[in-house]
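Visitor: The structure that follows is given in the form of structure tokens.
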Amino acid sequence: MLARPYSTIRPGTFDNSTVTGILEYRNPGSPSSSSFDKALPIFKPMLPYYNDTNLITNFTTKLRSLATKQYPAAVPQSVDRRFFFTIGLDTLLCPKNMTCQGPNGTQFAAAVNNVSLVLPSTALLQSHFTGLTSGVYAANFSVMPLSPFNYTGTPPNNTNVATGTKLLAVSFNTSVELVMQDTSILGIESHPLHLHRFNFFVVGKGIGNYDAVNDPAKFNLVDHIERNTFGVPAGGWVAIRFLADNPSIRETQCTHKNLN
């Protein structure tokens, strides 16, 4: 077995080595290993290029769950709330008396729906249960971008984003559909994302801008895969569904950026 990294960033900024391993399957009901011809040649696969996004997307789209009575695929068939989040690398004005390495002396900033997270000094659940939320967070995070643009095309002239600690409140047992869209503001990039505290179902993904009219008809609502981590394709989008049945502060965390 061979494996190598997948990355959309420049080579030289990550370990691009190939790892190898040997898998040995043991089944008491199968013929002994001595009955097989050990002189058979080893099949050596041709690994894709490290940033072959189309191949990665095509492969992961083919993954299916068992969808049996024992292992059901319990995706919400109907949706109570729909969210559309853009995700990407943007800029902030450089703080005074600092040197920043972003375009035109700006500061790099990851953002969702044009908002870059400011880490709170008080735990969000603590402030919620005590009712002391003023100055900690605002429950007015947008369910979609306030200023839509061609997300995977020519970036807008203004790449600066807002900052804040903003939340979206979702009622208990609400069925949610979330579409995450990569942006090309400072270059397209794959985003591995993790949704805290429960699993979800990946129902669709694609390259380019998400089409809210035509793409939902292609969603797999039958034998979709259940995950707790997913990847937003570089220059593309991914759609997930889940049931909000675990009360908590649910963070959508990118494994190489602080996003929300």
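Visitor: Just how large is the dipole of the chain about the Cα centre, in debye to the nearest 20, putting +1 at every Lys and Arg Cβ and -1 at every Asp and Glu Cβ?
Guide: The calculation lands at about 220 debye.
Visitor: Taking only DSSP H segments of four or more residues, each worth -39500 (n - 2.57), what value at 222 nm results for the chain once the sum is divided by all its residues, to the nearest 500 deg cm²/dmol?
Guide: Computed ellipticity for the chain at 222 nm equals -1500 deg cm²/dmol.
Visitor: Quick check on the range 196-238: take the gyration tensor over C-alpha atoms, sort the square-rooted eigenvalues as a ≥ b ≥ c, and tell me if it's rounded (a/c under 1.5), prolate or oblate.
Guide: oblate
Visitor: Which listed residue (Pro216, Val238, Phe198) has the Cα farthest towards the positive end of the charge dipole for the range 195-246, taking +1 on Lys and Arg C-beta and -1 on Asp and Glu C-beta about the Cα centre?
Guide: So the residue we want is Phe198.
Visitor: Follow-up question, since we're still on this one. Rounded to the nearest whole Å³, what is the per residue volume of the convex hull around the Cα atoms of the chain?
Guide: Here the figure is 191 Å³ per residue.
Visitor: Restrict the search to the range 65-173; then list the trypsin sites (Lys or Arg not before Pro) that DSSP places in a loop and that have at most 13 other Cβ atoms within 10 Å of their Cβ.
Guide: Sparse-neighbourhood loop trypsin sites (Lys or Arg not before Pro): Lys69, Lys96.
Visitor: If a/c stays under 1.5 just call it rounded; otherwise compare a/b with b/c (prolate if a/b is bigger, oblate if not). Do that for the range 118-260, with a ≥ b ≥ c from the square roots of the Cα gyration tensor eigenvalues.
Guide: Taking the square roots of the gyration eigenvalues as a ≥ b ≥ c, the range 118-260 is oblate.
A short reminder: the numbers here are calculations on the coordinates, not readings from a lab. All figures in this text were calculated on a predicted structure; none of them were measured in a lab. All Cβ positions, even for glycine, are placed from backbone atoms using ideal geometry, and neighbour counts span all protein chains on display.
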